[in-house]
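See structure below.
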Amino acid sequence: MKKIIKSVSHPKIFVYTVIWLMVLTVLGTLAQRNIGLYASQQKYFSSYITWLGDTIPAPGGRITMIIILVNLASMLFKHNIWKLKKAGIIIVHLGAVLLFIGAGVTAIFSSEGNMVIDEGAHSNYVDDYHSMELAIVNTSKENLDEYTVFDQPLLINGNRLSHESLDFVIEIIEYYNNCKVQRRTEPADIRYKGMMKNFDLVELNLEKENVQNRSGIVYKIENSDSTNDGVYGLILGQSVTQTATINNQNFEFLFRKKRTYLPFSIELLDFKKVLHAGTGIAKSYSSEINLIENGIPRRVLIQMNEPLRHRGYTFFQSSFIEAPEGEATVLAAVKNYGRLFPYISSIIMAVGLLLHLFINLPKLL
Amino acid sequence: MKFSFRFLMAFLLTLPMVNGKEFDERHFPIQEGGRIKPLDTFARNQLLAFYGKRSVKHEGLSAMDWIFNLILDPEKGQEVTKVFNIRSPEVVASLGLAWTNNDHKYVFNEVFSGLQAQFGLISEIHSRKDETRISFERQLLEIYFNATRFREIAYSLSCLVPAVSVNDPILIEKLNSIPGKRVSYAHLIKYIPLISEIYRNMMEKSEEEWSNTEKELIKILLELQKISSNETAQALKLIPPSHLDKTGTWLSPWELMDGRSHEPHQDKILIALEKYLAGRYEGDKDKMMSAIEDYRVGILSIPNAKPDMYLLKKETWVNEVNLFYTSVAFYLLAFILLGFSRMIQPKWLKIISYVSLILGLVYHTYGIYLRMVIMGRPPVSTLYESIIFVGFTVVVFAVVIEYLRRDGLGLFIGSVSGTILHYVSFGYAADGDTLGMLVAVLNSNFWLATHVTTITLGYGASLVAGFVGHLYLIQAIREPHNSSSLKDIHKNLFGITLIALFLALFGTILGGIWADQSWGRFWGWDPKENGALLIVLWQLMMVHMRLTGLAKPAGFALGMIMNNIVVVIAWFGVNLLNVGLHSYGFTSGVALNLALFAALELITGFGTYYWAQSRKERLIV
């Protein structure tokens, strides 16, 4: 056991993994110029294995950081380390272990998205930045709309989707991460329905900024009836809703950013943009909102560097939309169970380093 | 040491006395770039953009003299004064000018006619995005904008300049003017309603029947019409807003000439300015003095958001004395004295060198402090300020090192890097106003004070470590057998590295926390974040390599020299990528300097490392 700990905790392992982490950092930074932040982050840092030049497999950011974490943590089990003289060092390493654990929690459990709210309107859901969903709404029930939602992991080419609330089966034919609508030059096959009768979806190369990508989906409805069975297409931000009447039930088909509903809603009272006097440089942005929970509103001012924290969610002033019909605020919403880790670990590490400096500095000067 | 300390105290006490000046025209508040600044700063910044310097050197004109000369006589200012400094031969050629002109300085009119000939090209460049423009196109466009602004400045007070002479006795009386003296547009349009009767009478007669009075009136009206063609020249925002205004946007005199009603404070300032210009035009010192006093009263009568007189004077004083130039002079002196003390060995030279370094640091600190007072924000918020602050950090470290070691090591580090960093900052200052406003996300004094200051201190400490690394290797070459001295330097190097690591690590984590507060994520692999991370990782690697014996002291020294490259890339290189949330300003031309610096460090670092190794081997043999 001692032997294992000794070899696992050897600082040389740390040195070599840190060198590799630096290589990844440099590559991941340079890559942002070409493929954008999101893609580069996915490729180098949020991956277990990264493919160098798309051919050679190498440890990705996650594996590298797990090795460092194991190396650091096992170091705390060494016997000869627990000495007063090394108290500072132990504390620093403990803080670092916490930092990495926090990073792990964040990487796995955090979710982020945004809310777009017009002035005077309110919203109770968050749009995911990256994930999509296919929602099928049964609008023929009295008093309520029945939603059946398929998340992005299910939207894979060839996947067949069915649910007890639906009398029909959906088969995903094509999922595009980025595509555009193109008018057909010749009449389409009879199989094509809805928008696909006159238009087609054409796949595009991925944009650098992930938000500029427009996802699209081509799917087939089966086992309904002869008028509705066929191939349909949907694209993100489509202006005309795709509807169908199947077995006397009215359905709407929505392809949109994955929504997470909140146990409260937010009403935008006023969005303000203040400029430095006589210039076009923004001095501050702020949204005056009502946080409505159980029907009771509470006034909150969200501004740069002053987010609203509520029920594990944090809402930040992220952007805004100025249109002739009015202003809208864009709030970034984040739920991160790991967000306290860096705060705690930074305090621990600072204390440890200071302690170490105090113990050893006289010797070093 | 005692001697220098007493000297220092005496010096510090005299500092506040040098800057309690009376209010004068340099202090006239003007709004530009989102803040109220003294006219002196405004004039200097404009001149810097046109001419490349803060005063017209070849004619011995100060920025204030230049701007008032231009305003009082725009024709002459455009025809005679050579203030357009064009350094690019391509641009000069495209404007149809001669490169033979030795200092490449041109007058407005020749530049302007060149620009007019190129108008098609310029509007084509203007229509494109900045990334697609080549260097020549950027420069041409910049000169076009400069020329436009120059013209605007030249005429933006033309409504207040004494320009029209009234000679007819009747008109003199009606228009409330003095025989033989010119009056301004603003003055005349106030009294024009009083002569509407004369005008109406005149219109009923034919031109031959006009009296002398009427003939002169027509002449005056034509002149006024000509002057009013400048009403779009609104570059000088000298007039405070109405008390009802909520945006805080100041106005130019021409904006008040559109017939709107003036508020008392606006009127006072307008009239005082008019009087000052008249006094200056007539060379009447007393009139200028009394106008300045009126101006001061006018400013004091501003109902809300009154500009701070103390700060206006302070900033003007800072422009004047340029504390950082004095500071660099002391650093240079410290270096020279240190050199002499090495050659001829007397101890007192070294003490004076130390005092000189400390004096330089005092000026340096005072300069940083005054910038903080003027802007009301922590020391570092722009790249320029980070350079000054890193220089400050390095010298502070050097002073402490010298105090502890007393062998000239600290003096060498402080004087050399203090000087170099000052010169780098002068290069940045030459780009324009260094006291700019900040974009919304940076507008947080708390985080600027904690994260940015800590990380900048970290840069400074890292550079000191790199410097000591160089000195270690040099010492290893000079005296490879002197192991106690080498051990000593190594210990210092390791200690400084730990401090640098602490600052860099803590600064980076604070940055993460700020990012968590304002963008909702602690870490986003943004280039600037990655740059800071690289510094931390590199230093962690070096510390662990040393602890495991993977690196010997000499190797550690080399590693910390290489750390300088990492620091400089993280510091300046990120903006070159031009991606990410942190790239607030694109700096061109930096790439070459970065590459040169990296090459220099690589060559000297590895060169001295292997040389030191071979010296050691020879000793063992």
(Q) As an exercise, find the ratio Rg/Rh for the stretch A:113-156 from alpha-carbon atoms, using the Kirkwood inverse-distance average for Rh. (A) 1.06
Q) When the Cα centres of the stretch B:352-415 and the stretch B:513-545 are compared, how far apart do they sit, in Å? A) 26 Å
Q. B:I218 versus A:L204, label points 7 Å from Cα toward the beta carbon: distance in nm?
A. 6.7 nm
Q: May I ask you to sort B:L493, A:L52, A:L72 by Cβ crowding, counting other Cβ atoms within 10 Å and putting the fewest first?
A: A:L52, A:L72, B:L493
Q) So, counting K/R as plus one and D/E as minus one, what does the shell of residues with Cβ under 13 Å around B:K205 add up to? A) -3
Q. Where does each of B:C159, A:C179 land when they are ranked from fewest to most other beta-carbon atoms within 10 angstrom?
A. A:C179, B:C159
Q. Per the Kirkwood definition applied to all pairs of different Cα atoms, how many angstroms is the hydrodynamic radius of the stretch B:25-155?
A. 15.4 Å
(Q) Between B:A329 and B:E59, what's the calculated FRET efficiency when r is the beta-carbon distance and R0 is 30 Å? Round to 0.05. (A) 0.70
Q. Under the rule of -39500 (n - 2.57) per DSSP H run of 4 or more residues, summed and divided by the residues of the protein assembly as shown, what mean residue ellipticity at 222 nm is obtained, to the nearest 500 deg cm²/dmol?
A. -17000 deg cm²/dmol
**Q.** Loop sites in the stretch A:126-164: GluC sites (Glu not before Pro), DSSP, at most 13 other Cβ within 10 Å
**A.** A:E142, A:E164
Q) Once the Cβ-Cβ distance between B:M343 and B:N482 is put in as r, and R0 is 22 Å, what FRET efficiency do you end up with, to the nearest 0.05? A) 0.60
Q: Rank these for me by crowding, B:Y423, A:Y313, going from fewest to most other beta carbons within 10 Å.
A: B:Y423, A:Y313
Q: Whole Å is fine, so just give me how far the alpha carbon centre of the stretch A:269-325 lies from that of the stretch B:76-146.
A: 44 Å
(Q) About the Cα centre, and with charges only on the beta carbon of Lys, Arg (+1) and Asp, Glu (-1), how big is the dipole of the stretch B:235-305? Nearest 20 debye, please. (A) 160 debye
Q | Cβ-defined net charge surrounding B:V56, 13 Å radius [Lys, Arg +1; Asp, Glu -1] | A | +3
Q) Quick one: putting +1 on the C-beta of Lys and Arg, -1 on the C-beta of Asp and Glu, what dipole do you get for the protein assembly as shown around its Cα centre, in Debye to the nearest 20? A) 5800 debye
Q. Could you give the distance between the Cα centres of the stretch A:65-92 and the stretch B:247-321, to the whole Å?
A. 67 Å
**Q.** Taking N as its residue count, the alpha carbon Rg of the protein assembly as shown over 2.2 N^0.38 Å
**A.** 1.16
Q.
Is there a quick way to get the dipole size of the stretch B:453-621? I mean about its Cα centre, with the Cβ of Lys and Arg at +1 and of Asp and Glu at -1; what is the value in debye to the nearest 20?
A. 500 debye
Q: Determine Rg/Rh for the stretch B:322-437; Rg is computed over alpha-carbon atoms and Rh is the Kirkwood hydrodynamic estimate from the same atoms.
A: 1.02
Q. Convex hull over the Cα atoms of chain B, averaged projected area in nm²?
A. 35.8 nm²
(Q) Positive end of the dipole of the stretch A:1-143, charges at C-beta (+1 Lys, Arg; -1 Asp, Glu), about the Cα centre: which of A:V18, A:N143, A:Y125 has its Cα farthest in that direction? (A) A:V18
Q.
Can you give the local net charge around B:R133? Use residues other than it whose beta-carbon is closer than 14 angstrom to its beta-carbon, Lys and Arg +1, Asp and Glu -1.
A. -3
**Q.** Segment B:Q225-B:E197, extension gain: residue separation times 0.36 nm, minus the distance between their alpha carbons
**A.** 8.2 nm
Q) Among rounded, prolate and oblate, which fits the stretch B:164-307 when a ≥ b ≥ c are the square roots of the eigenvalues of its C-alpha gyration tensor, a/c under 1.5 means rounded, and a/b larger than b/c means prolate? A) prolate
Q | From the C-alpha gyration tensor of chain A, square roots of 5λ in Å | A | 47, 29, 21
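Any read-out appearing in this document is the output of simple, stated calculations on the displayed coordinates, not a laboratory observation. Note that the structure is a prediction, hence the values are computed from the model and not measured. Here the Cβ is made from the backbone with ideal geometry for all residues, glycine too, and neighbour counts use every protein chain on show.
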